[in-house]
Structures are given as C-alpha cells and as structure tokens.
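Written out below as structure tokens is the structure these notes cover.
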Amino acid sequence: MNFLKNYITIVLAITIFFGGCQKFSDGNTEKISRDAKIRPGYQGVTIPPNIAPLNFMIDYPKNCVAVKFSSKKENYQFLVNTTNGKIQIPERKWEKLTKNSIGGKIQVEIYAENTTKKVKKYNPFYIYVAKEKIDPFLVYRLIHPGYYNWSTMKIEQRSLESFEKTSIVENQLLEKNCVNCHTFNQNNPEKFLIHIRGSKGGTYFADDQQILKTDLKIESMPGGATYPSWHPGGRFVAFSSNQVRQNFYAHQERSIEVFDLVSSLILYDTQTNEIINITERDSINPLQTFPSWSPDGKYLYFCSAGCRKTGSNLALDDIKDIHYNLVRKSFDSTSRTFGKDELVFDASEMKKSVSFPRISPDGKFIVFTMADYGTFPIWHEEADLYLLNLQSGKFKKMELNSNKTESYHTWSSNGKWLVFSSKRIDGRSARPYFAYINSWDSIGKPFVLPQQNPNFYNKMLESYNIPEFVTSKVKFNPTDFESAANKKPLISSPGNPNDTTPRWIKLENEKERAKIEKGVHE
Amino acid sequence: MNRTLKNPGFYIINLLFFATAFSYFFGIANHILFFQENNHLFIFSKFYLDDYFTQPGGLLVLTGKFFTQFYFHAIIGVIILATTLTLPAILIYHINKHLLPHSQLSLPLMIIPPFLLLLMQTHYYHMLEFNFGFLLILFFFYIYLTFLKNKTSYVPLILFPLIYYFIGVYAWILIMMLILFNLFYKKGNKRFINSSILLGVAVITVIFSKKVLFFQPFEQLITYPFPSVENKNHHLFLYITTGFIAVYPLITKALTTFRTKLHQSKFIGTAAVVIIFGFSIFSLFNSYNNQTSRVIQLEKMVLDEEYNQAINFHEKYPSQNLIAQYFYNIALSETDQLASRLFYGRQDFNVNALILPWNEEHLNWGAHFFYTVGLINEAHRWAYEEMIVYGYRPQNISLLAKTNIINGNYKRAHKYVDILKNTAFYSDRGNEYEELLTDTSRIAAHPEFGLKRNIMPQDDFFTEIISPQNNIPKLLQSNPENKKAFEYMMVWFLLSKNVEGIINNLPMLNNLNYNKIPRHIEEAILAYTNSTGEKPDLGDLTISNETILRFNQYISDFKQTRQSPSTQKNIMQNKYHNTFWFYFHFK
C-alpha cells in the first residue's frame, strides 16, 4: 500500500511539474497586501523542531499555487506547488527546514496564479520554531462526540514527527466494549492503564511486557474507578469514583450536560492490590473528582464541589449551582495517608467551575479548565484553559483560547509543550492543539495536529479524546488487549477492612441503573 | 440459414424466472428495495471506503452496497436484483456441463438455488451482498472447472487467500465444493493430498489473517459476511441453499449413478422444473406480508415528504402497526391536520403512536416526532445516535444536516452536506442545503427550516427521556406559539380520553390564532358539554354546525343501537369510525 501511495505521489509530482504552472519568482509577481486564507490557520504558530510537516489548504480556486518555505537562519528554501489547493510538504525537506530554523522562524510566501495567468504574492507569514522538542508520540481515543451509544472505538497512537499512526486498542476485538481513560505514568509508554467498560470490563494495567486485568471496585465506592492519575513513584494510582449521568439541552445553544450524582476519591496501591478511600467517610454525597498529583508526589490536587442534594437526577438550575474548586491534600506514601483539604483556587467565588488540574513537570504551574459550572467542560463552549502560578497564586486566562471549547490538556515530559482539546474548528469535534509554554508571559500560538491530507478535519466526524504525550512508541497492540480481556481479573480488596461503608453509599445505593443510561461511565 | 437454440428450455426457464423476480419486486414487494436502499448510504469518499478493506469479506459487502444504492430508481434496482438472482442458474447450467453432462436434470437443478435466494430475498434484511456471495462461489467454481481443473493444482491454493479476502466466509463453501470435486471426480491418491492441502491452506489463511493481518475477532473472520437474519424461514432457506451449493459436486455425482434413462427423460426434467416453479411461487406469495409492506411504504412517503399521499395511503390501506400509525400522525402534523384528522386513520395504540420511547428498537424513527414539533436538539440526538449504531443512512445524514442548519451550526452542517454531495442520488439534496449555507440569510425564509426555527424552544430546559410527552408542555411554555406542540398535546389528551385536559387548554386556541376549532377538539367539547352540562368558554370561536349535527346523529344512533351491544360497535364504526366519540366509547 505504501509503495502504491509513493508511486502515485511521484506520478502526481511529475504531472504537476510538467503540468503547466509557470515558474514563480518575485520578479514576475504582483504583491498584494493581503493575507492568504489557509486552513488550518498555521500563521504565526510556534512549533517544535521535530514536528511533522504542517500541510495546509489554500482556500482560493486558483490555477496554480506555489508556496516558498525558507529558513532565514541557514538560507535554506524550497518550493511546493499545487493545482488543487493542497500544500503537502515533502517530509525530508521539512525536517531539514525545521532543523535549520531552531530558535528562529520559517518564512512562508504564497504565490497564486489567477485565471488570467497573473501571479499574485500574498503577505508572507511566519512559523516560529522553538528550541525544545516535543514528545514524539501522542495517544488519544477516537470517538464520535455523541450521547449514549457508541460503536467502533479505538485508542490510537500517532507519531508527531511523521504521519504514522497505529492502533493500541480496537474495541471490535473486545465485543464493542467502551475503552477510555488511557493514562501514562510520567509519559512512559511502557507503564499505563486503560478502562474497559462492558462484558470485558476492568482496569487494564500495562507494565513493560504484560497487561494485567484488574477489577477495581469495593463496596464503599459509589461507582467504578473513573478518572485516574499515576503517582510519580509509579506504585499508587489515584482515581475518582463517579456515578455519572447525562442530560440533554433543548435549546440550540447547548447540547449535553454530564454531571456526577456523587463522586469520591480512592487510592489504589498496585503493590498490595488494595483500595483506600481518600474522601472522608462522613461526607454525604461528596463531589470530588479529577485527581492529579504534584510532580514530587507530596500533594494530590483535585476538584471539589462540596456536597450536593440527594436524588437520582438534577434539574438545570441545580446543575448551574455546582461549582468545583481546586483543592489539594498532602500525602504520605509510607503510611498511605492524606492530610486535610487545602483550598488552592476558589472558582465558586467567581461563579465558575474547575476541571482537569494538571501540574507542570517543574511543579511551578497548574493548567486547568474553567467553565461556568459543572464537571464536564468539553460540552461547554465557554470552557477555557487557565494558568495558575503555584508559587505566587496569580492566575490568568491563557492566550491560546478561542471562542469555542478548550478542555482536556496534558504537559509534555519536558514541560515546554501543552496539548489540549479544542473545538474551535467546527464547534463539535475536538482536535488536539499544541502550544509552546515558554514562560508565564510567553506562550506560543497553538497549532492543530498536522495531517498528511490537509482537508482531513473537514471530513472527519470523530473527536480526538484525552490526548496524552508519550516519550516513545507504545509497543502493545490490539491483540494484546484482546488476550488480556479473556483472562480473569485480579480482584482488589479494601486497604482498611475496618472502614465502615461511607454514608454516601447508604443514601445513594443505586442497584438498578436506568436502561437508557447505556454508554455512560459505570 | 435457420439457427435454432440448442437448449430452448434453458432460455425459457431463465426468462420465466427473471420475469417472476422482476414482477414480484417491482410489484407487491417494491417496499423491500426502498427499505434496503434507505438502510445504507453509499459514499464516494476514502473515509467511507477504507473501512471495507479492514477485514475479509469487506469488499463483497462494499460491492453489495454499491449496487444497492441503485435501488433508488425502482426499475434499475429491480433489474439489478432480478439479474443477480437469475445468474446463479446460468452458472449452474454451465457447471453441469462438466459435472452432469447431457442430462435433462440439469435444468431443474439449476433453478433450485435461484428460487431459494428469491425466497430469502422476501425478507427485507436479506441484503444484496448475500446473493453476491453465493453467486461468486458459483462463478469461481465455474472458472475452476472451465480453466483450471486440468492444470496445475497449486493455482487454487495461491488464489484462495485473495478469494477469501474478497468474499469472506463464502470462500469456505467454495473450498468444500473444490474438495468434494477433487474427491469424487478425480482419480488417484493425489486427490486426497490435494484436498488436504487445500483445507490446510484455508485454515492457515484464517489463522494468518487473525494473527498478522486484521484486527478482527476470530468469530468475525469465520462468519462475516454470512447473513444473520432473525427469521425462521430465512434460516431454513439459508441452510438449504448453503448445504445444496456446498455439496453440489456430491449431489451431481450421486445423480450420475442413476440410469441413463432418467437423465434423458425430458418429461422428468420438465416435470421437476414445473414442480419447483410451482412450489416456489406459492411460497413466494405466502411469504408476502402486507402489513410490513404498508409500514415501509408509509415510511417512504413520509421521508419523501409526500405527506398527503401518506395520509391517503394509511386511510385507504390501514396498517395495524405502531410505526405505521406513528408515521401517519407525523404526516398529519406536518400538514397541520393532526387534531382534525387523527381518527380518520387507525389509532390502535393509545398514545404510544404519538411519541416513540427511547430504545434501540425505535432508533430508526424516533427523531421525526421531535423534528416535527421543533425540538431540534433532540431530533439531532436521535439522528446522531442512529448514525452511531447503524452507520450512515440517507435519512440520518439528511436530518443531521437539517438540524445543524436550523440550529445555526453551519460548519457542522457542512460536513453532513459534504457527505450527501459525495453520493450518487443525494447530491442534489446536498447542493440544495449547500446553497443555504452559502447564504445563511435565506434560512429564515425557507419554508421548512424557517418554520422550524420559529417553533424551537426560546429558553432552555433538559429534555425528558423517560417520559418524552413531558417535553410538550415545557416546549409550549418556552414557545407559546408552537402550534404543532399544542396539537400534539391535545391529541395526547384525545387518545388518552382525557377530555378535561382538552377543555382546560381551550384558551390556547385563541392565543395560537386558530380561526376554526379542529374537528376532533370540537367533538371532545361536545362530548364534555353533553356529559357535564357545562359549556366551556371558546372565546371568539364556535363549533361548526356540521359537527353539531353529526354529534346529534351520533347520540341518536348510539341510543338506538344500545339495545344490541353485540352489534353496536360494528354499526357505529361504519358511520362514526373517524370521530373522537367512537374512539372514546369503543376503543
């Protein structure tokens, strides 16, 4: 298949070369002081030196278009021609260009021939090349941004240095179960976990060469283990345990509201296979979620909205009153105990709600998502990313936001790149965007994951969900998970058998879920 | 020079069969073609096509889907189908020249699989690709007999993986045929070795596919795309067809042991053909279910927005099916006749034919109610969920395009419009929607989309899933000018015989600028007045004399027929079946 693709590319290239585009140069062009319309909008973005080519579409129906890429630093340049508006940059030339532009910028000049054979040259634009590389792989789930039902679903890894992608999990091998929440320990592709929901349900721990299927559910948990966070030491994993529900808006401005009836925090000890409750036992209907460890493992950050009213559903006004703050607890890994809650960021005072706290690898900053209310910001158009300086307490709305949803984000291993989900292209499907975080004051303009076919996002209906950096290729493939799924799970046990059942279980012990609530986290 | 046909029987039988299939599917069973065409959208795009290359048999299904799209045009579709069903006969006839030469039994034998396929085809879930599967088995076997049987035996071994990739599980039936041919038609010990090797290659191919080539479960690799229609008759015909074709070389070999007279007897051959024809045609018409046909036809009319045609059809050919009555109600609502014509058609399900409950059984249809009453978000949700579960279909993609246009999500609408534009028969629709996206100011003035925008909720609430009827009062509160929601509310009361509910909401008639009270509401008012003695305030509106006269007549007839309860219902039904009063008293 690759041979065929290459053969076709060569034929096309020859066709284009001899195809009748005249030679573009500054000598035979008319300069127009206008920016060319390109998709994706890569003008002014900051990229890592090891990123795949930023192929793009030019939105004008011209006869011939030529784009000149040049590196000011090392005086290297090349031309890419097209007659169909697609600029697909040769990978080797791009690689050389970015290497020659590290710490500097790439100039992009667009020449377009119109129907009368006159050549116009648009305002050049620049692409800035950072010094720091990005982690070479991105792992994400591909899923239709839908409601209750799902069908095919996969977790895929994509090389950020090329267009290569391979599957890690494909759910047709798992009786079409739901797969989600892939989380890597310190961006390590050899140590991660995923959840599978359904007939092959469990939490699957991948460690080096093997996959272990576990059943992380004890009596005192309100639901299954949901949002995970690896302790940096690798022994512990904090999870939230959520009873999740969905409601659907009638008005056109909004679509879906996902909320928790109750959510608590647990700690899973991978060495002893024990689960310990983090949330205080006397909490009634707590709402604690999105655990996230500090890089030194001494603090567990999470989102907390106190406690909520009883009942099996919430009205719209009730949900609008739910605001999650950012809180943390200290942690002693020897005794496996936690300190008291400490308020880190009071979002409720601003009538806002925090989700997905993620601390930078150097421990200085937290990026979190903030929306008007609730705990599922991917469906909130107003959701944006905020940066909090943990030392000074200053916070700001990041410059990388758009007027559509920005949500789920993670740091690269070197702490210089942030990947986040954005719906800015069409308002419905999330795409991974990358931003260079040089410092508090210096954040690069983000760019979307480049694709070989620059028209890719216009066709694609699925969303990129939970984008996570990994430092090298994940070696597991879908058949590994298929084999693991057929084994009996390792059943976890309570870390403290003397724990009485927390009160939220007694009050909210739902034995029967409504039949309609398919496809939602259990 | 006169040329005479060598075997006129061959041509006559095939023509007769073709004519039978053509007439059946062009006539009483044309709903099957619509159903199957509407069940899937063939898209000319790499995104869509790529999926069919990811497992053995995918290309067979793709071929089936490609030709199924031509069912859009009735005649072309029927020609394709009838031809597909006839071709196996032609192939078997030529296969028989090798296996059963000069035998009059060739003709009856050749017609058995086509009739079996035809009988399976009477089920609307028997897709074209299933026929292609059997057709291709016979085709490959014919090629083998004609060109390869005397040549090097490794050629089938080399080709088998490719054939398996193309036709999936059907390749196993072919393997069985080749093995049996080898064992019973060839001589020497080599036939055992060749058969074993053939079987071994087949097994290795599947194992290699599982371990190396495809991320598919093992079960999928050995069953796809074999039909799995949930119907006893279909199962029976399928097993017979599969068994017949798989062991066909054995059957013909067994027949060669019979006396020559049997093979030379034209009478026996002809009689066998007649019996097979007769039995099959009898079974064919026995399989026809007019209720299923009516439902599907009604659905087609509503999807084509031929609402008046749908209304007339259901009133003329009443269906006892919930979905049919649901579509009838949709058609009434879209033509603003819901509260004035509801009982002209059969209403057998109380309120259940107004709004379908949320479950996978009704996923195909439930969106239409919400679209009709202007709950566009919920219509979008249903259409989206249907797309996730069942894949791209003309109706769900169209509805997704429409709901996004109405909601002002133009970039999203573009994606669905693009899909429609990349089809053979829905590109016009895509172009029509694209024009609106090019100039979005025209949407407000669009007769359909503009109306839907006007009746959408003006403020927000959560849609009720478990009791969807509770969305109607919320919708009315949010948009008091939503006439369609109002009429659904009122017919809900009518069908649940809640006359007080009707009376309590009469003031809305004036608010909604009715200049005439809908007929069934008039009937309910008169029934209320007759029973309570109270006359509700109708504002500026009055009850028509026609309804008053009819009501008086109804009362009189009711009193008269009360003496014979056993015949009362029938008598009243004849005159008053299309009134609320009859429904109230007798249903």
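The values are calculated or read from the model by the stated rules, or taken from the named source; none is laboratory data. Keep in mind the model is a prediction, meaning the values are calculated, not measured. All Cβ positions, even for glycine, are placed from backbone atoms using ideal geometry, and neighbour counts span all protein chains on display. For accessibility, only protein heavy atoms count, side chains too; no ligands or nucleic acids. Shrake-Rupley method; radii C 1.70, N 1.55, O 1.52, S 1.80 Å.
Here are some notes:
Listed here are the residues, each with its yes/no results for (1) open to solvent by 40 Å² or more (accessible area, probe 1.4 Å); (2) touching a helix residue (DSSP H, G or I) at 6+ places or on another chain (Cβ under 8 Å); (3) more than 14 Å from every other protein chain (Cβ to nearest Cβ).
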site	(1), (2), (3)
A:VAL262	no, yes, yes
A:GLN271	yes, no, yes
A:GLN288	no, no, yes
A:LEU300	no, no, yes
A:LYS320	yes, no, no
A:PHE331	no, no, yes
A:ARG336	yes, no, yes
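- Count of the stretch B:454-487 residues which are of a type outside the set (A, V, I, L, M), facing another protein chain (nearest Cβ under 9 Å) and in a helix (DSSP H, G or I): 3
- Residue in the stretch B:17-34 that is open to solvent by 70 Å² or more (accessible area, probe 1.4 Å) and either within 17 Å of B:ILE296 (Cβ to Cβ) or more than 23 Å from the chain's Cα centre (by Cα) (or both) present: yes
- Matching option when the condition is touching a helix residue (DSSP H, G or I) at 6+ places or on another chain (Cβ under 7 Å) and farther than 27 Å from B:THR270 by Cβ, among B:TYR93, B:TYR142, B:TYR71, B:TYR125: B:TYR71
- For the stretch A:422-464, taking the residues that are closer than 21 Å to A:TYR128 by Cβ and of a type in the set (A, V, I, L, M, F, W, C), the one that is nearest to the other protein chains (Cβ to nearest Cβ) is identified as A:VAL448.
- Test result for A:SER220, in a strand (DSSP E or B), open to solvent by less than 20 Å² (accessible area, probe 1.4 Å) and among the small types (Gly, Ala, Ser): no
- Total residues in the stretch B:184-239, condition more than 14 Å from chain A (Cβ to nearest Cβ), part of a helix (DSSP H, G or I), surrounded by 13 or more Cβ atoms within 10 Å (Cβ to Cβ) and of a type in the set (D, E, K, R): 1
- Considering the stretch A:230-260, and only residues there that are within 14 Å of another protein chain (Cβ to nearest Cβ), open to solvent by 20 Å² or more (accessible area, probe 1.4 Å) and of a type in the set (D, E, K, R), the residue that is farthest from the chain's Cα centre (by Cα) turns out to be A:GLU253.
- With respect to the stated conditions, B:ARG453 is within 28 Å of A:ILE319 (Cα to Cα), buried (at least 17 other Cβ atoms within 10 Å of the Cβ) and charged (D, E, K, R).
- Looking across the stretch B:301-325 at every residue that is closer than 22 Å to B:GLU523 by Cβ and open to solvent by less than 10 Å² (accessible area, probe 1.4 Å), the one that is farthest from the chain's Cα centre (by Cα) is identified as B:ILE311.
- Listed by first and then second residue, the pairs linking a residue in the stretch B:523-542 that is at positive phi to a residue that is open to solvent by 30 Å² or more (accessible area, probe 1.4 Å) and small (Gly, Ala, Ser), with Cβ atoms under 7 Å apart and 6 or more places separating them unless they lie on different chains, form an empty list.
- Residues of the stretch A:371-380 that are more than 19 Å from A:SER229 (Cβ to Cβ) and surrounded by 18 or more Cβ atoms within 10 Å (Cβ to Cβ): A:ALA371, A:TYR373, A:GLY374, A:TRP379, A:HIS380.
Quick grid of which residues meet (1) among the aliphatic types (A, V, I, L, M); (2) in contact with a Phe, Trp or Tyr (Cβ under 7 Å, 6 or more places away or on another chain); (3) in a loop (DSSP other than H, G, I, E, B):
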| position | (1), (2), (3) |
| --- | --- |
| A:TYR60 | no, no, yes |
| A:ASN81 | no, no, no |
| A:ASN84 | no, no, yes |
| A:ARG92 | no, no, no |
| A:LYS99 | no, no, no |
| A:ILE110 | yes, yes, no |
| A:LYS117 | no, no, yes |
| A:TYR128 | no, no, no |
| A:GLU132 | no, no, yes |
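- Of the candidates A:ARG254, A:ARG245, the single residue that is basic (Lys, Arg), under 30 Å from B:ASN377 (Cβ atoms) and assigned to a strand (DSSP E or B) is A:ARG245.
- Filter result for A:ASN50 (among the polar types (S, T, N, Q), assigned to a loop (DSSP other than H, G, I, E, B), closer than 22 Å to A:PHE163 by Cβ and at pLDDT 95 or above): yes
- Among residues of the stretch B:559-587 that are of a type outside the set (Gly, Ala, Ser), those with a Cβ under 7 angstrom from a residue that is part of a loop (DSSP other than H, G, I, E, B) and open to solvent by 80 Å² or more (accessible area, probe 1.4 Å), sequence gap 6+ or separate chain, pair up as B:GLN568/B:ARG562.
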